[in-house]
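Quick note: the coordinates plus some simple rules give every number you see, no bench work behind them. As the structure is a computational prediction, the values presented were derived from the model and not from experiment.
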C-alpha cells in the first residue's frame, strides 16, 4: 500500500511541479526518479515471511546400538545396522574384569581414530588426492580418575588426547595438512571430543 502511494505521488504533476521538474529534461529526470523510487520501494517492502524455512529433517540420520551387561563387567554390544558383528567390552583384571575385550574408554579412542580414517578417505577422494594407506600410529587419551570417583570440579572424561597419523601418499605436506584440517572439521567423533573440551593434540605427517 505504501509502495503504491509513493509511486503514484512521484508521478503526479503537482508533485513534480513543486520539485521544479517542469521542462522536458526535468520530466525525463522525474521519470527516472519515479522508476528508482518504485524500485527501492519494491526492494524494501518484501516480507521476510514470504519464504518458508527449509525443512532440515531430511538431513537428520539416527544411529542405534544395543548393549547387554552379562556377567561381571562383560558388555556385549551390536549395531542395529549389522547384527552379525558383536562388540565385546570388559575391564582389565586389575579393575575387577576378565580382560576379554577393550574397555569402553579404549573403544571411544578406537571410534575416534576409525571415524577420522574413514572421513579422511572420503575427503581425500573429493580432493582428488591419491592415498595408499593412512595409519593411526598413536592414540592416547589421558583422564583424571578422580572425576570418575565423583570428585567435584574434575571432569569424568578424557582431558587430553594425543594422536599421530601417517599418510602414505605422493602428495606434498601442505596437501596433507589441508586434509587434516578438513577431516577435523567434518569428523563427528572428533567434534564430540572437542565439544567436551578435550585438548586434541593431533599430528599428520607423510609416512617415511
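Among DSSP beta bridges whose residues both lie in the stretch 127-208, state the antiparallel percentage, nearest 5.
55 percent
Which shape class applies to the stretch 104-150: rounded if a/c is under 1.5, otherwise prolate when a/b exceeds b/c and oblate if not, where a ≥ b ≥ c are the square roots of the Cα gyration tensor eigenvalues? Mind dumping the intermediate values first?
Details: a/c = 4.24, a/b = 3.18, b/c = 1.33.
Prolate shape, in that a/c is at least 1.5 and a/b is the bigger ratio.
Based on alpha-carbon atoms only, what is the radius of gyration of the stretch 90-208 relative to the globular estimate 2.2 N^0.38 Å?
Values: Rg = 16.4 Å, N = 119, 2.2 N^0.38 = 13.5 Å.
Dividing the Cα radius of gyration by 2.2 N^0.38 Å gives 1.21.
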